[in-house]
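Please read the structure below before turning to the comments.
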Amino acid sequence: MYTVVGATKSRAFRVLWMLEEMGEAYRQIAAGPQSDEARKYNPNGKIPALVDGDEVLTDSVAIMTYLGDKHGKLTAPAGTPARAHQDAMTFWLIDEMDALLWAAAKHSFVLPEEQRLPTLKDSLMAEFARNAGILSERLEGRFLLGEEMSIADILACHCINWSIGAGFPRVPDRLNAWAKTMRERPAFLAAREKGGA
């Protein structure tokens, strides 16, 4: 059984959702970032962490990639063109959506008040909206990479959900409708319910 360290309303949800999609057993330690509990598993206090036997892994995307490779689910095989396309989409999402949301969070409540630049949020929102438009145009099949779900779908949907909570502009209707279908998946609902989100 895996242990996921991190509050449900954080990037830990990506890992919880993936485990539910794969049908893998886990328990959750709902630790917040920078908490003493989080620091037991990651000295810098960041969440999530995944405990697999004696191994402790950090970073939500690294954890999802590890789980996908280990179980052969929700990921294309390493060393294939399909995996390169998946990785390209995943890295793009990290750079062009996740990073903007995290920067907005830092300048809204994470950084000490004297280090925040509140006016930066407007440009981050504009860039996110532009990138959401690009992602909407790239959506061709049932999932981002065609007819098979991958970690990219979990990452993209989580970013869209995060943007809603952060008060960012609504994503294009097509992308919003796709995200709604992702949120209706039994695994998404199970992860949310178990974590009390």
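The values are calculated or read from the model by the stated rules, or taken from the named source; none is laboratory data. Quick caveat, the model's predicted, so the values are computed rather than measured. Here Cβ is always computed from backbone atoms with ideal geometry, including for glycine, and neighbour counts include all displayed protein chains. Remember, those area values only see protein heavy atoms, side chains included, never the ligands or the DNA or RNA. Shrake-Rupley method; radii C 1.70, N 1.55, O 1.52, S 1.80 Å.
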Of PRO77, PRO43, PRO172, the one that fluctuates the most in a GNM where the chain has Cα springs shorter than 10 Å:
PRO43
Dipole-positive endmost among TRP17, ASN176, TRP102 within the chain (Cβ charges, Cα centre)
ASN176
Each residue of region 70-82 in order: what ³J(HN,Hα) in whole Hz does its phi give by Karplus 6.51 cos²θ - 1.76 cosθ + 1.60, θ = phi - 60°, with x for Gly and Pro?
5, 9, x, 9, 6, 8, 7, x, 4, x, 10, x, 4
Need the list of lysines near LYS9 for cross-linking: C-alpha distance under 23 angstrom, and skip anything on the same chain fewer than eight residues off.
LYS40, LYS46, LYS106, LYS121, LYS180, LYS194
Would you mind checking which residues have amide H under 5 Å from THR3's amide H? H placed 1.01 Å from N; only 5 or more apart, or other chain.
ARG27, VAL51
For region 48-111, rounded, prolate or oblate, judged on the Cα gyration tensor with a ≥ b ≥ c (square roots of eigenvalues), a/c < 1.5 rounded, else prolate if a/b > b/c?
oblate
Per DSSP H run of at least 4 residues, take -39500 (n - 2.57); add these up for the chain, divide by its residues and hand me the 222 nm value, nearest 500 deg cm²/dmol.
-16000 deg cm²/dmol
Residues whose modelled amide H sits under 5 Å from the amide H of ARG11, counting only those 5 or more places away in sequence or on another chain, are none
Taking placed amide H atoms and a strict 5 Å upper bound, the residues 5 or more places from ALA30 or on another chain that come that close are GLY6
Would you list HIS158, HIS85, HIS71 from the most to the least accessible area, probe 1.4 Å?
HIS85, HIS71, HIS158
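Classify region 1-92 as rounded, prolate or oblate, taking a ≥ b ≥ c as the square roots of the eigenvalues of its Cα gyration tensor: rounded when a/c is under 1.5, otherwise prolate if a/b is larger than b/c and oblate if not. Present the calculation step by step, with values, prior to reporting the outcome.
Details: a/c = 2.15, a/b = 1.73, b/c = 1.24.
Prolate.
May I ask you to derive the relative contact order of the chain, considering only C-alpha pairs under 8 Å and at least 6 residues apart, and to give it as an integer percent? All intermediate terms of the calculation are to be shown ahead of the outcome.
Working: 256 pairs, mean separation 45.7, N = 197.
About 23 percent, as a whole number.
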Carbon/sulfur fraction of accessible area - the chain, other protein chains in place, 1.4 Å, %
53
Whole-Hz ³J(HN,Hα) from phi, Karplus 6.51 cos²θ - 1.76 cosθ + 1.60, for region 16-30, glycine and proline x
4, 4, 4, 4, 5, 4, 7, x, 9, 6, 7, 10, 10, 10, 7
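Any idea what diffusion coefficient region 146-197 gets from Stokes-Einstein, in µm²/s, Kirkwood Rh on alpha carbon pairs, 20 °C, 1.002 mPa s?
On the way: Rh = 11.8 Å.
Here the translational diffusion coefficient equals 182 µm²/s.
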Reported label for calculated P(r) over Cα pairs in 10 Å bins from 0, in percent given (i) 8, 26, 18, 14, 17, 14, 4, 0; (ii) 9, 35, 38, 17, 2; (iii) 9, 38, 37, 14, 3, 0
(ii)
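Compute the Cα gyration tensor for region 27-142, then decide on rounded, prolate or oblate, letting a ≥ b ≥ c be the square roots of its eigenvalues: rounded whenever a/c is under 1.5, prolate when a/b is larger than b/c in the other cases, and oblate in all that remain. The partial results should precede the final answer.
On the way: a/c = 2.96, a/b = 1.06, b/c = 2.80.
Oblate shape, in that a/c is at least 1.5 and b/c is the bigger or equal ratio.
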Compute the accessible area per residue over the chain, keeping the other protein chains in place, probe 1.4 Å, unit Å².
50
